[in-house]
Each structure stands twice: as C-alpha cells, then as structure tokens.
Ligand SMILES: *Cc1c(COP(=O)(O)O)cnc(C)c1O
C-alpha cells in the first residue's frame with residue numbers, strides 16, 4: 001500500500017516503529033518449543049503479572065489464543081454463549097466447531113455486550129437431547145459492537161452469574177488495553193473475572209504479530225497442548241515476543257491518544273448532514289458511522305474515499321468503521337474527516353458505480 005493513503009481500516013495496519021525493530025533485532029532467543037526462549041519466557045511472565053494471572057502462553061494470533069481458550073474449557077458436544085456479533089463466533093472461520101466440536105449460541109445484546117436479562121434463560125437443562133452449556137465468552141472492548149467497553153459492574157455481574165452456574169468464563173481481550181484505558185481501571189480489575197483472557201499485541205499495541213492467553217497454571221498447561229495441536233508452537237519466537245515486550249512498555253499509555261483522536265474524528269464528521277453518528281458512543285479507537293441511504297451506500301463511500309487517499313472499510317449496507325492507531329496522528333485523522341465530509345457533501349452516489357461491493361472487515 002502506497003504511503004500516500006491515510007489508512008484507517010484497522011489498528012492491525014500499523015508497522016513496527018524503529019525502536020520496536022531495534023528490540024526485535026537485539027532479542028535474545030532460544031527454542032521456545034522446549035521452553036528455552038528467554039524473551040518469550042520474559043513476555044509470558046510479564047503479561048501474567050500485568051493481568052494478575054498465574055501463567056501465560058504466547059500465541060501467533062488472537063484467533064489462535066481465543067480458540068485455545070475454547071479448547072481448554074470445552075469438549076465436543078458443548079456449547080458456548082456469546083453476544084451475536086462476537087469475534088469468536090463470526091470471524092474465526094468456524095473455529096469452535098472445527099477445532100473443538102463446540103457450537104456457539106449467539107445472543108443479541110447491546111453494543112456487542114451481554115447482561116443478565118439476556119443470559120439467565122440460556123443454560124440448557126441436563127438432558128440427553130441437548131448440548132451442554134459450558135462457557136461464556138465476552139469481548140472487551142467490543143469490535144463490531146462499536147468499540148464499546150463493559151462497565152465493571154456489568155462485567156462482574158455477568159461473570160459472577162456464570163461462576164454461580166458452573167460456567168467457565170473466557171474474555172476475548174483483543175483490545176483489553178483499550179478497555180482498561182477507557183474504563184480507567186487496571187487490567188486485573190477486568191481479568192480477575194475470567195478463567196482465561198486472550199490479548200492481542202498486533203492491534204492497538206502495534207506489533208507485527210502475536211497474542212497471549214493468560215489464566216491458571218493448569219489451564220495454560222492445557223492451552224500449550226492446544227497451541228501445539230493448532231500448529232502455533234514456534235521455535236525462536238523471541239523475535240516477535242521482543243516486539244510485544246516493547247509494546248507493553250511503550251505503547252499502552254499512548255492508547256488514550258488513539259481514543260482522543262477517534263472522538264475528534266467522530267466530532268468532525270458528525271457536523272456533516274448525511275452522516276449518522278452518536279459521538280457519545282465513541283469510547284475507544286473504533287468509530288462506526290452510517291451514511292444516509294438517500295445519498296448511497298457504505299461501499300460506494302468507501303470506494304470514493306479510496307480515490308481520495310483515505311482507506312475506511314464498509315461493514316454493512318450503510319455502516320462504515322474507521323479506526324485510529326499509532327500510525328495516524330491528530331492532524332492526519334482530521335484530514336481524513338475533512339475528506340469524508342467532502343465526499344458526502346459532493347453526493348458521492350453519482351460519482352462512483354452503483355454496484356454495492358462485498359462487506360469487508362479487519
Ligand atoms: C482482531 C480480533 C481478534 C483476533 O484477530 P487476529 O487477527 O486473529 O489476531 C479477536 N477478537 C477481536 C474482537 C478482534 O477484533
């Protein structure tokens with residue numbers, strides 16, 4: 001992708017900073033599959049400590065660490081409960097079914113989040129006809145739900161309910177540190193409510209790859225076996241773990257800048273007639289907005305923005321998602337907002353083809 005694009009498709013598009021590349025280049029490494037990579041070991045100890053868990057295991061991707069979590073908690077014939085837009089159920093290639101023989105019960109919530117009224121009647125009876133309800137998966141911050149953050153009381157309410165009913169609790173914390181930043185709490189405040197938490201280093205933290213699953217010593221030992229089974233046990237992976245350590249030390253505090261930039265972008269585009277957005281709903285680095293169907297559809301706007309050097313994907317017939325991250329500063333984000341407004345003002349419908357393209361997400 002040429003440098004001239006303002007790329008707000010996702011926080012996964014960031015490139016390693018020069019300092020991160022230095023950390024990668026100078027990483028001390030060994031064979032992690034036999035537990036001998038000192039940098040991976042240091043990362044696992046660090047992320048376990050930060051989240052207040054006994055143990056951690058490094059994984060290739062957030063998809064892999066989520067699926068390791070599902071595999072640890074469930075057996076074939078089990079069912080997990082998840083909000084209907086949840087990543088684990090929608091965007092992981094059917095992983096629970098394929099890798100663990102688990103079905104996903106997708107429950108409509110609010111902004112990608114669940115609360116007790118939606119969950120209380122969802123535990124299936126112990127009956128030979130029915131699958132076994134075993135696990136609750138929450139997402140914090142939410143992705144398709146709108147970059148929203150669980151109020152701590154709601155998170156505790158749901159997790160206490162699950163514990164009381166003998167259900168395991170997994171958090172898809174791909175953007176855990178965005179949630180922590182927005183909620184003004186500690187990672188432990190969130191993680192203590194879960195048996196396992198998956199955390200991405202390749203989203204807002206700006207790493208080229210990598211995730212971690214944290215939990216009890218026993219669960220993480222089992223997760224290591226699942227990681228091997230899923231092809232994710234690596235050798236000198238300290239090369240990438242070094243980036244994650246660098247990110248945990250240097251890229252967490254700055255997430256508030258992404259959140260402020262997201263809000264500034266949202267406030268700017270909200271001034272334009274034809275754009276539907278509630279600025280008060282922007283809590284983290286994701287900005288979902290809709291275009292008035294009278295003007296055209298989201299993929300048309302996305303195409304027109306691309307012609308003008310701005311990359312923002314459509315995620316529905318009228319819906320788009322813009323994302324702030326460490327490779328777009330305030331000035332760049334406001335420039336993108338100005339271009340969005342220009343396109344809408346120009347009545348983008350006539351300017352590009354009428355065909356609606358496929359929905360894309362990242
Ligand atoms: C990105 C993301 C993941 C993991 O994605 P990978 O691309 O596999 O790292 C998991 N959950 C959510 C909510 C995400 O946004």
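Quick check on the chain: of the DSSP beta bridges with both residues there, what percent are antiparallel, nearest 5%?
50
Relative to the longest principal axis of the C-alpha atoms of the chain, give the angle of the C-alpha long axis of helix 152-164, reported between 0 and 90° and rounded to the nearest 10°.
Around 40 degrees separate the two axes.
May I ask you to derive the relative contact order of segment 194-255, considering only C-alpha pairs under 8 Å and at least 6 residues apart, and to give it as an integer percent?
About 36 percent, as a whole number.
Quick check: the angle from helix 217-229's long axis to the longest principal axis of the chain, C-alpha only, nearest 10 degrees?
So the inclination is approximately 70 degrees.
Please report the base-10 log of the normalised intensity I(q)/I(0) for the chain, using a Debye sum with one equal scatterer per alpha carbon and no solvent, at each q in 0.08, 0.11 (1/Å).
Summing over Cα pairs of the chain leads to -0.40, -0.76.
Of the peptides 136-145, 311-320, 164-173, how do they stack up when ordered by the mean number of other Cβ atoms within 10 Å, highest first?
So the order, starting with the most tightly packed, is 136-145, 164-173, 311-320.
Dividing the convex hull volume of the alpha carbon atoms of segment 50-183 by its residue count, what do you get in Å³ per residue?
Given the Cα convex hull of segment 50-183, per-residue volume reads 113 Å³.
Answer rounded, prolate or oblate for segment 158-219, using the Cα gyration tensor with square roots of eigenvalues a ≥ b ≥ c: rounded when a/c is under 1.5, else prolate when a/b is larger than b/c, else oblate.
oblate
Quick one: pull the percentage of alpha-carbon pairs in segment 260-323 with a separation above 17 Å.
Of the Cα pairs, 36 percent sit more than 17 Å apart.
Find the centroid of the Cα atoms in segment 212-249 and in segment 102-125, then give the distance between the two in whole Å.
First find each Cα centre; the distance between them is then 29 Å.
On a full-extension model of 0.36 nm per residue, what is the gain between residue 225 and residue 249, subtracting their alpha-carbon distance, rounded to one decimal in nm?
Here the segment from residue 225 to residue 249 would lengthen by 5.8 nm.
Going by Cα centres, segment 24-42 and segment 128-157 are how many Å apart?
One Cα centre to the other: 34 Å.
If you look at just the Cα atoms of segment 46-88, how large are its Rg and its Dmax in Å?
Rg, Dmax (Cα atoms, Å): 12.5, 35.
Angle check, please: helix 238-250 long axis (alpha carbons) against the longest principal axis of the chain (alpha carbons), in degrees 0 to 90, nearest 10.
Approximately 70 degrees, to the nearest ten.
Per the Kirkwood definition applied to all pairs of different Cα atoms, how many angstroms is the hydrodynamic radius of segment 127-193?
For segment 127-193, the Kirkwood estimate is 12.7 Å.
Can you say what percent of the DSSP beta bridges in segment 128-246, counting only those with both residues inside, are antiparallel? Round to 5.
35
Could you work out the relative contact order of the chain, using alpha carbon pairs under 8 angstrom and six or more residues apart, expressed as a whole percent?
RCO, the chain: 23 percent.
Any number yet on Rg/Rh for segment 15-115, C-alpha, Kirkwood?
We get a ratio of 1.07 for segment 15-115.
Find the relative contact order for segment 88-217 and round it to a whole percent, using C-alpha pairs within less than 8 Å whose residues are 6+ positions apart.
RCO, segment 88-217: 18 percent.
So what's the back-of-envelope 222 nm ellipticity for the chain, counting only DSSP H runs of four-plus at -39500 (n - 2.57) apiece and dividing by all residues, rounded to 500?
-11500 deg cm²/dmol
Compute the Rg to Rh ratio over segment 147-251 from the alpha carbon atoms, using the Kirkwood formula for Rh, and round to two decimal places.
With Rh from the inverse mean 1/r over Cα pairs, Rg/Rh is 0.99.
Every read-out reported here was derived from the displayed coordinates using simple, explicitly stated rules and does not represent laboratory data. Nothing here was measured: the structure is a model prediction, and the numbers come from that model. We place every Cβ from the backbone using ideal geometry, glycine too, and count neighbours over all the protein chains shown.
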